[in-house]
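The values are calculated or read from the model by the stated rules, or taken from the named source; none is laboratory data. Here the structure is a predicted model, which is why all the values come from computation and not from measurement. Please note: Cβ atoms are built from the backbone with ideal geometry, for glycine as well, and neighbour counts cover all protein chains shown.
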């Protein structure tokens, strides 16, 4: 048998931009807002401590720090909203795509034949909103190679069963189990 390695024209490759990405659950936007609010609540507690124990005895400095906190809080909320809007996933015949990122946009594609296993995890806030995170593992790593947050529990379970079927060679081609 003769080994052949024919060149593929770049123009013939499929475009990931043409893929119809699935949106995350709208509840995930609420989770993002809550997580951002919790972070900034702790920062506000730090400001209160600074305000009452201000060693410099300069009240204008405390108020300036509070103004910076307010600007960062509004920016954090805007980023949380944009993060929700920028994230999505797509299941294709041979792989799964995941896009995310506000400032640094990332598109990850993992072929099913490279996957070892996948799992569903839920934190306390996710559980309260009926959400889950799907984690996909490939060979050679100790952590997940792909994590899709903000899925409903039912959707995460359907995707996990589909991927497990693809990994094990069970099910019809392209059919969501």
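The table for this structure:
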read-out	value
Index of the failed condition, residue 145 passing every other in (1) surrounded by 14 or more Cβ atoms within 10 Å (Cβ to Cβ); (2) under 26 Å from residue 35 (Cα atoms); (3) at pLDDT 90 or above	(3)
Matching option when the condition is closer than 23 Å to residue 42 by Cβ, at pLDDT 90 or above and either within 20 Å of the chain's Cα centre (by Cα) or not in a loop (DSSP other than H, G, I, E, B) (or both), among 132, 154, 67	67
Sole exception among (1) closer than 27 Å to residue 122 by Cα; (2) outside the structural domain of residue 149 (by TED's automatic domain parsing); (3) surrounded by 11 or more Cβ atoms within 10 Å (Cβ to Cβ); (4) touching a residue at least 24 places away in the same chain (Cβ under 8 Å) for residue 20, by number	(3)
